[in-house]
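Novice: Got a structure here, written out as structure tokens. Questions coming.
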Amino acid sequence: MRRRCALTVLVVLLLTVPLLAVAIDRAELSFERAGLDTPLAGWGGGPPGTIARDTTVAVAGRASGRIHRTGSSPQQFSSITRSFPATVGGDTITLRGFIRTDGVTGYAGFWLRQDGDGAPVGFAHMQDREIGGTTAWAEHAISSPLSEDARTIVLGALLAGEGTAWFDSLQVLIDGRPIDEAPVREIETTVLDSDTEFDAGSGIDLVALTPAQIEHTALLGRVWGFVKYHHPDVTRGQWHWDYELFRVLPAVLAAGDRAACQRAIVDWLVRVGLPGPCDPCPEVVGDLHLEPPVDWIEDEALLGTELSRYLATVYERRTPGWEQFYVSLSPQVGNPTFHHESARPAGTLPDTGYRILAVLRYWNIIQYWFPYRDLIDDDWTGVLPEVLPRIVLAHDLDAYRLEMLALIARVRDTHANLYQAFDVRPPRGEAFWPVSLRMIEGHPVVVGYADGEGAHECGLEIGDAVLAVDGRPFTELVERWEPYYCASNRPTMLRDMARWLSRGPVGPGEAEILRDGQRRTVTVARVEAAAPTIAAHDRPGDTFQLLSPDVAYVKLSSVAIDEVPSYIERAEGTRGMVVDIRNYPSEFMVFSLAPRFIDEPTPFARFTGSDHANPGAFLFTPPRTLPVARPGYPGKVAILVDERSISSSEYTAMAMRCGPRAVVVGSTTAGADGNVSRITLPGGLQTMISGIGVFYPDRTPTQRVGIVPDIEARPTIAGIVAGRDEVLEAAVRHILGEGADEATIRRMCVRPHPEE
């Protein structure tokens, strides 16, 4: 059975720290050379045992790169990888080569990433091409605009799922020419290159923090972040601001009282100096949604008179422009991009100073650049002294990652997560029950088997509701795990907990279940396997289906923009169309399919964006409007959503919902809308936030709320056992209207068997 690779694969590729970059030419991209210490000379990747040089299969020359995965292979995918400095000029970079597959259950493909200082600045991949199964040698290519901010180019080939894939005759092209013929580009050096004092470590090492040290470090963190984003000399990149933190921290940690702390900070800032007068000076103007969080700089009891006046002067003379050294706005969309933020040291526990830096960097990014700062449940100012000792005193890398994950979870954004910490997030272990679990009627319920086959001898049956795992009630586990799960709302948090519920050590475990109304305890074996995915809940089969002469169905997980006119044409004469977004759209459909459902140009959303001249201020943009597209669809439209619908799925649902004959059917979505912005943290960690605010035209929020359905419909345990799709049934019932025959509706909505 063909299975789409989980979105997690692409996220991991996007956040992976690259190998050491070395110069490259076209000869270095072959697999002809045998490696002495590695399976593939000049190439990295893994996991070990899944990648190799194959001298029996090649499209040219004597060898190819091979990835082979079985059901026991670790992780969700394997990759062949290499990187090199981005010292070439041009407009477009292309990775081209040949791919052959045999029995691939997921997909194979190339990927190409450009890394700037601390964050990816470009990414291209082939997941949407679904190269799987068994295929002959064929040439493929991916391209991406060559970013001026790129410092390193990272490329590779991957295989997700099981099977074998071969890769050969790779080329990197710049504007269509081989890379070794491209013009050389000098990478501009910055203060990060010239100031290297703390490259090997901060020199700060603590085994305990006193209450005074916590208070003083929190105060320094607020001052440090404020100056970072407001002082023109810092925003122009004249200071290595991370290292300035390390220069002042020893004096702040040694301060005996608040006055001494204030004095230490003032003495440090005197060296930085005051900015010169501004003309004109920035103002907060526009349709304001969130005001800059700067009232505290006038608190002389907190700061002392001299420090307060210094910060007030910096604010008065703050940066007037849009470009900053440590942050800028991405083109067109306008979500923040965080430049020049180092991940070092990667793969090891950062020292005390770098752990303090991790907390302060993240806290200030949320303070000044998170568009949903007002939706954080906790007092964000109070969070800083609360989490500092936990993260600073983390005794090993696992503890550090777990505490950073707990901090990130405090912002309650489903986009925000720490994928490099999933192995330490509870429950821990390398094995899972061989089943898929989904929250239904308040319980994690078995909805399928991991291999997609029929009944198993694992002790669990379809429809079993899990009440406890190894003697611990699910309700108790939810309470214990909640601090470590990043989710905008409770349904999304429970969705993720159900996915990971069965994780633990290899071997037999115990589950208390509810089956046929009876409580019982069963033994379930955990097997070593990749984590279960959050499956889409749409129908197997073709993208477009006619459920009956009256009802058309289209699912967005495999939709194609070029096919939209044919979908409308094939739906001609039907009374209604079901658009299934219980998935993630394969293509951006907002301005291709949604305009077919409206009769006149219609506003459907508005954004809030950050103001570089006023960090922390967020302004409303004018409403976004859908244009009318023809041919249109005149019938009813039922849009299906559930807890699987996130981000682009939610934005698409907003657009389609504005049709006068459209309704949303299902349950609340993941509540994380807006283009993501990536954040790099010490220890090789990366996370994300929703980078722009997304609202309905009347300013009704979507973040955390999600897309609330017009017609609520949820699966039931009885429906799962019977193989019904009760959400689809509710949509068809709406389209056909009162008096529709229930037996007919059920027959129309029976889930077809997926293609093998």
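No lab work stands behind these numbers, since they all come straight from the coordinates. What you are looking at is a predicted structure, and each value in this text was computed from that prediction instead of being measured. Here Cβ is always computed from backbone atoms with ideal geometry, including for glycine, and neighbour counts include all displayed protein chains.
Novice: Please order C281, C658 by the number of other Cβ within 10 Å, starting at the fewest. Walk me through the numbers on the way to the answer.
Specialist: Details: C281 12, C658 18.
Taking fewest neighbouring Cβ atoms as first place, the list is C281, C658.
Novice: For a label point 7 angstrom out from the Cα of L288 toward its Cβ, which stretches of the range 688-719 have the backbone nitrogen within less than 13 Å?
Specialist: Under cut-off, by backbone N: nothing.
Novice: How large is log10 I(q)/I(0) at q = 0.07, 0.15 Å⁻¹ when the Debye formula is applied to the Cα atoms of the range 544-749, each weighted equally and without solvent?
Specialist: Log-scaled intensity ratios, in q order: -0.23, -0.94.
Novice: Using amide H atoms built 1.01 Å from N in the peptide plane, name the residues 5+ places from A525, or on other chains, whose amide H lies under 5 Å from its own.
Specialist: G509
Novice: Moving on. With a cut-off of at most 16 other beta carbons within 10 Å, and DSSP calling the residue loop, which GluC sites (Glu not before Pro) in the range 416-506 qualify? Please list them. Let's see the in-between values first.
Specialist: On the way: sites: E430, E441, E453, E457, E461, E476, E479; in loops: E430, E441, E453, E457, E461.
Within the range 416-506, the qualifying GluC sites (Glu not before Pro) (loop, at most 16 other Cβ atoms within 10 Å) are E430, E441, E453, E457, E461.
Novice: Sticking with this structure for a sec: Could you estimate the translational diffusion coefficient of the range 431-528 from the Stokes-Einstein equation, with Rh from the Kirkwood formula over C-alpha pairs, at 10 °C and 1.306 mPa s, in whole µm²/s? It would help to have the intermediate numbers written out before the result.
Specialist: Values: Rh = 13.6 Å.
In µm²/s, the coefficient is 117.
Novice: Another question about this same structure. When the Karplus curve 6.51 cos²θ - 1.76 cosθ + 1.60 is applied with θ = phi - 60°, which whole-Hz ³J(HN,Hα) does each residue of the range 71-85 get, with x for Gly and Pro?
Specialist: x, 9, 5, x, 6, 8, 7, 10, 9, 9, 9, 7, 9, 7, x
Novice: For V506 and T70, FRET efficiency with R0 = 22 Å and r from the beta-carbon atoms, rounded to 0.05?
Specialist: Working: r = 17 Å, r/R0 = 0.75.
Computed FRET efficiency for T70 and V506: 0.85.
Novice: Using amide H atoms built 1.01 Å from N in the peptide plane, name the residues 5+ places from A605, or on other chains, whose amide H lies under 5 Å from its own.
Specialist: Under 5 Å from the amide H of A605 lie the amide H atoms of R624, each far enough along the sequence or on another chain.
Novice: If you don't mind, another one. Can you pull the one-decimal nm distance between simple spin-label points at S194 and E461, each 7 Å off the Cα toward Cβ?
Specialist: 7.4 nm
Novice: Separate question: Could you work out the Rg to Rh ratio of the range 122-226, with Rh taken as the Kirkwood radius (inverse of the mean 1/r over all Cα pairs)? Don't skip to the answer; put the middle values down first.
Specialist: Details: Rg = 23.5 Å, Rh = 19.9 Å.
Taking Rh as the inverse mean 1/r over Cα pairs, Rg/Rh reads 1.18.
Novice: Work out the charge dipole of the range 211-414 with +1 on the Cβ of Lys and Arg and -1 on the Cβ of Asp and Glu about the Cα centre, then indicate which of L397, F325, V272 is farthest towards its positive end.
Specialist: Going by the charge dipole, the pick is L397.
Novice: Relative to the Cα centre, what is the charge dipole magnitude of the range 544-749, using +1 at the beta carbon of each Lys and Arg, -1 at the beta carbon of each Asp and Glu, and rounding to the nearest 20 debye?
Specialist: The dipole of the range 544-749 has a size of about 240 debye.
Novice: How much length is gained if the chain between A312 and D542 is pulled fully straight, taking 0.36 nm per residue apart and subtracting their Cα-Cα distance, in nm to one decimal? Working shown, then result.
Specialist: Values: separation 230, 0.36 × 230 = 82.80 nm, distance 6.17 nm.
Using 0.36 nm per residue and subtracting the Cα-Cα distance, I get 76.6 nm.
Novice: Related question: Just want the answer: with Cβ charges of +1 for Lys and Arg and -1 for Asp and Glu, which residue in T381, G256, P293 is farthest toward the dipole's positive end in the range 211-414?
Specialist: So the residue furthest toward the plus end is G256.
Novice: Using a Förster distance of 25 Å, how high is the FRET efficiency between T135 and S566, based on the Cβ-Cβ distance and rounded to 0.05?
Specialist: Details: r = 25 Å, r/R0 = 1.02.
The computed FRET efficiency comes out at 0.45.
Novice: With 20 Å bins from zero, work out the P(r) of the chain over every alpha carbon pair and list the percent per bin.
Specialist: Bin by bin from 0 Å, the calculated values are 15, 46, 34, 5.
Novice: So for the pair L302, F123, with labels modelled 7 Å out along Cα→Cβ, what separation do we get in nm?
Specialist: For L302 paired with F123, the spin-label model returns 3.5 nm.
Novice: If you place +1 on the Cβ of every Lys and Arg and -1 on the Cβ of every Asp and Glu, how big does the dipole about the Cα centre of the chain come out, in debye to the nearest 20? Before the final figure, lay out each step's value.
Specialist: Numbers: 70 positive and 98 negative charges, 220 e Å.
Using only the charged Cβ atoms, the result is roughly 1060 debye.
Novice: Let me ask another. Which one of G517, A124, V641 has its Cα pushed farthest toward the positive end of the charge dipole of the chain, where Lys and Arg give +1 and Asp and Glu give -1 at the Cβ?
Specialist: The residue sitting most towards the positive pole is G517.
Novice: Also: Ranking D54, D115 by Cβ neighbours within 10 Å, fewest first, what do you get?
Specialist: Details: D54 19, D115 25.
Ascending number of Cβ neighbours within 10 Å: D54, D115.
Novice: Where does the range 493-617 land on Rg/Rh, using Cα atoms and the Kirkwood Rh? Intermediate results must be reported in sequence, preceding the final value.
Specialist: Working: Rg = 22.4 Å, Rh = 19.4 Å.
When Rh is taken as the Kirkwood radius, the ratio is 1.16.
Novice: Please list the helices of the chain that count as membrane-span-like by this rule: a mean Kyte-Doolittle hydropathy of at least -0.5 together with Cα atoms stretching 24 Å or more along the helix axis, each helix being a complete DSSP H run. Don't jump to the answer; show the numbers that get you there.
Specialist: Details: long enough: 211-230 (29 Å, -0.01); 352-369 (25 Å, 0.24).
The answer, listed by residue number, is 211-230, 352-369.
Novice: Calculate the tail of P(r) for the range 228-381: the fraction of all Cα-Cα distances greater than 23 Å, expressed in %.
Specialist: Working: 5252 of 11781 pairs.
So the portion of pairs separated by more than 23 Å is 45 percent.
Novice: May I ask you to sort V270, V435 by Cβ crowding, counting other Cβ atoms within 10 Å and putting the fewest first? Present the calculation step by step, with values, prior to reporting the outcome.
Specialist: Working: V270 11, V435 25.
Listed from fewest to most nearby Cβ atoms, that is V270, V435.
Novice: When the label point is put 7 Å from the Cα of T521 along its Cα-to-beta-carbon vector, which residues of the range 465-492 have a backbone N closer than 13 Å?
Specialist: Those under the cut-off are 468-473.
Novice: Let me ask another. Send over the semi-axes of the range 86-154's equivalent ellipsoid, whole angstrom and largest first, taken as the square roots of 5 times the C-alpha gyration tensor eigenvalues. Show your work: numbers first, answer last.
Specialist: Values: eigenvalues 153, 30, 13 Å².
Equivalent ellipsoid semi-axes, largest first: 28, 12, 8 Å.
Novice: Per Stokes-Einstein, at 10 °C and 1.306 mPa s, what whole-number D in µm² s⁻¹ belongs to the range 327-374, with the Kirkwood radius over Cα pairs as the hydrodynamic radius? Don't skip to the answer; put the middle values down first.
Specialist: Values: Rh = 12.4 Å.
This corresponds to a translational diffusion coefficient of 128 µm²/s.
Novice: Another one. Give me a comma-separated list of calculated 3J(HN,Hα) values for the range 530-539, in order, Karplus coefficients 6.51, -1.76, 1.60 applied at θ = phi - 60°, integers in Hz, x for any Gly or Pro.
Specialist: Calculated HN-Hα couplings, in order: 5, 4, x, 8, 8, 5, 5, 10, 7, 7 Hz.
Novice: Here is a follow-up. Summarise the long-distance tail of P(r) for the range 184-278 by giving the % of C-alpha pairs beyond 18 Å.
Specialist: Numbers: 2326 of 4465 pairs.
Counting pairs separated by more than 18 Å, the tail of P(r) holds 52 percent.
Novice: If you place +1 on the Cβ of every Lys and Arg and -1 on the Cβ of every Asp and Glu, how big does the dipole about the Cα centre of the range 523-642 come out, in debye to the nearest 20?
Specialist: Details: 11 positive and 14 negative charges, 47 e Å.
I would put it at about 220 debye.
Novice: Okay, next question. So between E186 and D710, what do we pick up on full extension, going 0.36 nm a residue minus the alpha carbon distance? List each step's numbers first, then the result.
Specialist: Working: separation 524, 0.36 × 524 = 188.64 nm, distance 5.60 nm.
Computed gain between E186 and D710 is 183.0 nm.
Novice: Would you grab the residues whose amide H sits under 5 Å from the one on V88? Only those 5+ places off in sequence or on another chain, please, with H modelled 1.01 Å from N.
Specialist: Long-range HN contacts for V88: R185.
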